[in-house]
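The next block holds one structure in the form of C-alpha cells; read it before the comments.
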Amino acid sequence: MTLIHLFVLVPILSALLIPFIGKWFPKLHLGWAALFVPVLLFVCFCTAIPKVAAGGPVFGSVSWSQALDLAFSVHLDGLSLIFTLLITGIGSLVVLYSIFYLSKERESLSHFYAYLLLFMGAMLGVVLSDNMIMLYIFWELTSISSFLLIAFWFRRKKSRYGAQKSFLITVGGGLFMLVGFIMLHVITGTNSIQEIITMGDSIREHALFVPALVLILIGAFTKSAQFPFHIWLPDAMEAPTPVSAYLHSATMVKAGLFLVARFTPIFGGEAVWFWLVSGIGMFTMFWGSFSAVRQKDLKALLAYSTISQLGLIMFLFGMGSAALQGGASTESVIYTKAIFAALFHLVNHSTFKGALFMVVGIVDHEVGTRDIRKLGGLLPFMPVTFTLAVISSFSMAGLPPFNGFLSKEMFFTASLQAGSMNIFSMDTWGPLFPIIAWTGSVFTFVYSMFIVFRTFLGPYRRERLEKTPHEAPLGMLISPIVLCAIIVTLFFVPNGLSHYLLAPAVHSILPSYQGMEGLIPHISAWHGFNPELLMTAGVVVIGALLARMYRAWQDVYELFPASRSLDRGYQWLLTGSEIGSKKVTNLYMTGFLRHYLYYIYGFLIFLTGGTLLFSGGLSLRFSHDVPAAPYEMLLVLIMAAAGVGILFTKSRMTAALLNGILGYSIAIFFVLFRAPDLALTQLVVETVTTVLFLLCFYHLPEWPKEDRSFKVRVPKILISIGMGTLTVLLALSVQGNKLFDSISSYFEDSYDLAGGRNIVNAILGDFRAFDTMLEVVVLFIAGVGVYTLVKLKIPKGADDHERK
Amino acid sequence: MRENDLILQTVSKVAVFIILTFGVYLFLAGHHHPGGGFIGGLTLSSAFVLLYLAFDVETINKGLPFDYKNVAALGVIIATLTGTGSLLFGSSFLSQTFAYFNLPIFGKTELATVMLFESGVALGVIGVVVTIIISISEDV
C-alpha cells in the first residue's frame, strides 16, 4: 500500500462521505467540501513531478488474488502524471465553477458531488493502474459515473436518452477491450502492463496479437468518441455544463487516448495499429470539425469540436507509433515528435476546451439559451466572458499568441510527414493526410469564429433571450480566467512544461528511445517560413472567407440528412434489439411454472448427463462398498415410501409432512455417518422450511384438479425420471472415479493453518472464505428480493409500462 | 386474527431461551466443534421465528425493535469488510489469523479473526430468514 493507492481511494471514499456532510452541515454548499479533495490531490501530485521528471516511476502493488493474477498495482510515470494533473487540476477548477453554477436550493448536490468524486477516483484509477483487469474495472466505473452525471437531470427525456446512449456505447466498447486484455493475458501470462512492455517484440508473432490489438482499440475508440462511435458525445451534452467541461472534454474522453498511449510500446510499429489509429483519428478530426460548423446549439458545437480534437490527438499518437517500426533508430526518431505533439495538444486541448465549456455555461446561465441563432451582441453585457471566449477559441483555431498555435503547427508537421512516409505502404494514401488535416483545420477555424462572433457580436435581440444578460458572478469567472492564463503562459514558456511533464511522458511511451538525441524537440513559436506556417496562413484566409460566406455554402450539409445519419442507425439498432429480444423472451416465458422447470431440469439433464456419458465418467463400481446395515436399509425404505407417497397425496399438508420426513431422514443419515455439522444444519433448515411452508399455505389457492391429459403428463414423467436417474448416476460415479489426488490432507492440517479443529468451519471461514462471503451476499439478495416481491404494491394508475 | 394459544406461548417463553443459548453456544463452538456462524445464525433465527409464531408480530416488534433487513445488510457489510481488513496488513483478501491470549477468568483463550467474519455470516442469516418469514406472514 503506497501513498498513490490512497490518492485513488481518497476521492471514492469521500464520495461516500459527501451525503453525510450534507446532512451534518445543511447550510454548506457541498461544493466547498468536495473542492478540498481535488485541490489536495493536485498539490500531492505536483510534489511528485521532480521525482518522475528525474526518471523514476513510482510503483506500488497490493495483492488481491494471486491465483487470478489480480493486484491493485499503481504505476506513476510521466504519462500518468500528466493525466493525474489534468484530472485533479481541471477537477478543482470545475468543482469551483460548479459551486456557482448549481443552485444549492434547487439541485440535489449530494448526488452531484458524490458522482463527481466517484468519477475522479475512477479516472485516477484508470491512469494509474498497472494491472489490466483493475484498469478495466476503473474504466467501467468511469462509464457508470458518467452515466449518472449525464442523467443528473433525470426528469428530462433527453438526459435519460443521452445517458443510456453513452453508457451502451462506452460500456460495450469496454467489453471489447476486456476481451482484448484477456487475449493479452493468454499471450503473455501476465496482467501487468509494464511486464508486457518489457517482453518487447517476442509476443508479436502470436496469433492473438492482432485480434487483441483491434479489440483494445475498439475500447479506446468508443471512449474517445472516434468515428463511428462518436455519436454518443453530442447527446452526452445534456449533462450539467461543469460535467461536460470535466468529463466530456478534459478527462474521460481522453481515457481512450491514454489507453492508446499506454499500449503504444506494446502494439506500436504494427501496421494495423498505425493505420487504425492514425487513419480513424484523421477522419474523425475532419468529420468532427465539418459537423461542428452546422450545429445550432453551442454545446453541441463544442461536442463535435471535442470529437474533432480527439481525432487529431489520436492521429498524432498513430503517427508516433511509426517510430517503433523496426525498433528504435536514429532515422525514425523524427516520428517521435508526433507523440510529443500529441501530449502537448492533449494538455492544450484540456485548457482551451475546459475554458470554452465554462464560457458557454456562463452564457447559458446568464442568458437562458445557448442556441446560436438567438444569441448575438452580448459583448457590451459580458466583456470579461467575451475576452475569455476570444482567448480560448482563438487558441482552438490555432492562432498565436495562444498555446493551440504551437501544437497545431506540430500537427501540420506530423501530417506533412505522413504525406512523405515510405513505410506501411503509406506512399499510396499518405499524401491525403496533409490535405485532410488542412481541410479539417479550416472548419475548426470556422466554428471557432462562430463561437466568438455569433455569440458576442452581431445584432442584439432581447426578445429572443429568456433573461436580460449580465456579467457572471466573479466565482464563476475565476476558473476560466485561470485556464485562459495558462493558455497564454504556455505560449510564451512552453519549454518548462515540456521539460517537466511532456518529456517524462514521451519516455514512458517510447521506453526504447530513452536518451536518444532529438527525442524532445525545443518548442519555439517562430520557426521560419516553412510549409506549416503557410498552411496556417491558408487556414486563416480561407477560414475567414468561409465563415463570412457561410450562407452561400451551408447547403452542403443537405447532402447529409438526418434520416441517413449514424445516429438514426443507432436508434434503429436499439429499437430493433428491443423488439427482437421481447419476441424471443415471450417465446419461452409462458407464465407456466412447469415450463420453467422443464427448461431448468431439461438443460441440466442434457448438459450434465451428456458430459457424464460422453466423457466416460460414468462408472459403477460396487466392489469397495461397505455392506449396508439393517437400520440403514430401514431408513432408506422409509424415505422411499415418503417419496412415492408424495405423488399420491390429496392435500398440501400431507405433501409437506412427507417432504419433512425425507428431510429429517437425511439428517439421521448425517448422524449415522458422523457428520454432526451437516446433521445440525439439515435439522434447522428443515424446521425453518416447514415453518415457511406453513406460512405460505395461507396464500396458496385450492389444490387444483390436475390436468391429467397425456400431453401434460408425458413430459413431466420424462423429466422426473431423467432427473432422478441422473442424480443417482452422478452420486454413484463420484465414488467410482479418482481423477486426481485427494486434497483433504491439506484440510486436515486445519489446526495448524487456521487454528480451528473443526475442519468444516475452517474451510468455510478461512480456506474458502470467498465462497462463504459471496453466499452471504447471495442470501441477502434473495432475502431482499422476497421482501420486495411481497411488499411492492404498484399503486393504481401508475405507469403501465412498468407492469408489462 | 391470531388465536390466543396459551400452551404454545408458555412453552415458547422457556424454549426460546434454551434455543437462544444453544444458538450462541453453536456460534462460539464452531471453531473446534460442530457449530459456526451459519448454524448458529439459523438456530438463533428459529428462536425468533418461534416467538413470532407464538405471539403476534406487533408484540414482538415492541420487544425486539430491529429492522431485520438492516440486520442482514449489517451482516453482509461485516462479512465483506472483515475480509478487507487483512489487506491493511499486506495479506490477501479474506485472510484470517488467530492467536492465544491469557484473559482474566477465561485463562488461555484462542481469539481468531474468523469469528468476526462468522458473526457477519450469522447476522446475515438471521436477518434474511426473519425478513422473509415476517414479510410473508404480514402479507395477509
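The values are calculated or read from the model by the stated rules, or taken from the named source; none is laboratory data. Since we're looking at a predicted model, the values are computed, not measured. Cβ coordinates were reconstructed from backbone atoms using ideal geometry, including for glycine residues, and neighbour counts include every protein chain displayed. We work out accessible area using only protein heavy atoms, side chains counted, and drop any ligands, DNA or RNA first. Shrake-Rupley method; radii C 1.70, N 1.55, O 1.52, S 1.80 Å.
Where helices (runs of 4 or more DSSP H) sit wholly within region A:368-456, those with at least 3 residues that are hydroxyl-bearing (Ser, Thr, Tyr) occupy A:383-397, A:403-419, A:432-456. Of the helices (runs of 4 or more DSSP H) entirely within region A:19-102, those holding at least 3 residues that are surrounded by 21 or more Cβ atoms within 10 Å (Cβ to Cβ) occupy A:30-47, A:78-101. Put simply, of B:Thr97, B:Thr80 the only residue that is surrounded by fewer than 22 Cβ atoms within 10 Å (Cβ to Cβ) and more than 7 Å from chain A (Cβ to nearest Cβ) is B:Thr97.
Here the condition is being within 30 Å of A:Phe445 (Cα to Cα), among the small types (Gly, Ala, Ser) and either open to solvent by 70 Å² or more (accessible area, probe 1.4 Å) or free of Cβ contacts under 8 Å to residues at least 60 places away in the same chain (or both); of A:Ala629, A:Ala547, A:Ala562, it holds for A:Ala562 alone.
Going by the conditions given, is B:Phe89 more than 8 Å from chain A (Cβ to nearest Cβ), aromatic (Phe, Trp, Tyr) and out of contact with any helix residue (DSSP H, G or I) (no Cβ under 9 Å at 6 or more places or on another chain)? So B:Phe89 fits the description; yes. Checked against the criterion of being away from chain A (no Cβ under 11 Å), surrounded by 19 or more Cβ atoms within 10 Å (Cβ to Cβ) and either in contact with a helix residue (DSSP H, G or I) (Cβ under 9 Å, 6 or more places away or on another chain) or without any contact (Cβ under 8 Å) to a residue 60 or more places away in the chain (or both), the candidates B:Leu26, B:Leu20, B:Leu51, B:Leu42 yield just one match: B:Leu51.
Given the criteria within 20 Å of the chain's Cα centre (by Cα) and open to solvent by less than 10 Å² (accessible area, probe 1.4 Å), does A:Ile216 qualify? So A:Ile216 fits the description; yes.
Applying the selection to region A:149-202, what residues are aromatic (Phe, Trp, Tyr) and out of contact with any His (no Cβ under 8 Å at 6 or more places or on another chain)? Talk me through it step by step, then tell me what you get.
Applying the first criterion (aromatic (Phe, Trp, Tyr)) to region A:149-202 yields A:152-154, A:161, A:167, A:176, A:181.
Within region A:149-202, A:Trp153, A:Phe154, A:Tyr161, A:Phe167, A:Phe176, A:Phe181 meet the criteria.
Could you give me the residue pairs with C-beta distances under 7 Å whose first residue belongs to region B:122-134 and is closer than 11 Å to A:Leu692 by Cα and more than 7 Å from chain A (Cβ to nearest Cβ), whose second residue is assigned to a helix (DSSP H, G or I) and not hydroxyl-bearing (Ser, Thr, Tyr) wherever it lies, and which are 6+ apart or on separate chains? From residues that are closer than 11 Å to A:Leu692 by Cα and more than 7 Å from chain A (Cβ to nearest Cβ), the pairs are B:Val130/B:Phe48; B:Val130/B:Val49; B:Ile134/B:Val57. Every listed requirement among (1) open to solvent by less than 10 Å² (accessible area, probe 1.4 Å); (2) touching a helix residue (DSSP H, G or I) at 6+ places or on another chain (Cβ under 6 Å) is met by A:Leu379 save one, (1).
The rows are residues; the columns are (1) closer than 30 Å to A:Val671 by Cα; (2) under 18 Å from the mean Cα position of the chain (by Cα).
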| position | (1), (2) |
| --- | --- |
| B:Gln9 | no, no |
| B:Thr21 | yes, yes |
| B:Val24 | yes, yes |
| B:Leu28 | yes, yes |
| B:Leu44 | yes, yes |
| B:Ala72 | no, yes |
| B:Leu94 | no, no |
| B:Pro104 | no, no |
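Considering region A:676-705, the residues that are part of a loop (DSSP other than H, G, I, E, B) and in contact (Cβ under 8 Å) with a residue 24 or more places away in the chain include one that is surrounded by the fewest Cβ atoms within 10 Å (Cβ to Cβ), namely A:Leu700. Scanning region A:564-584 for residues that are farther than 14 Å from A:Leu168 by Cα and of a type in the set (Ser, Thr, Tyr) turns up A:Ser565, A:Ser581.
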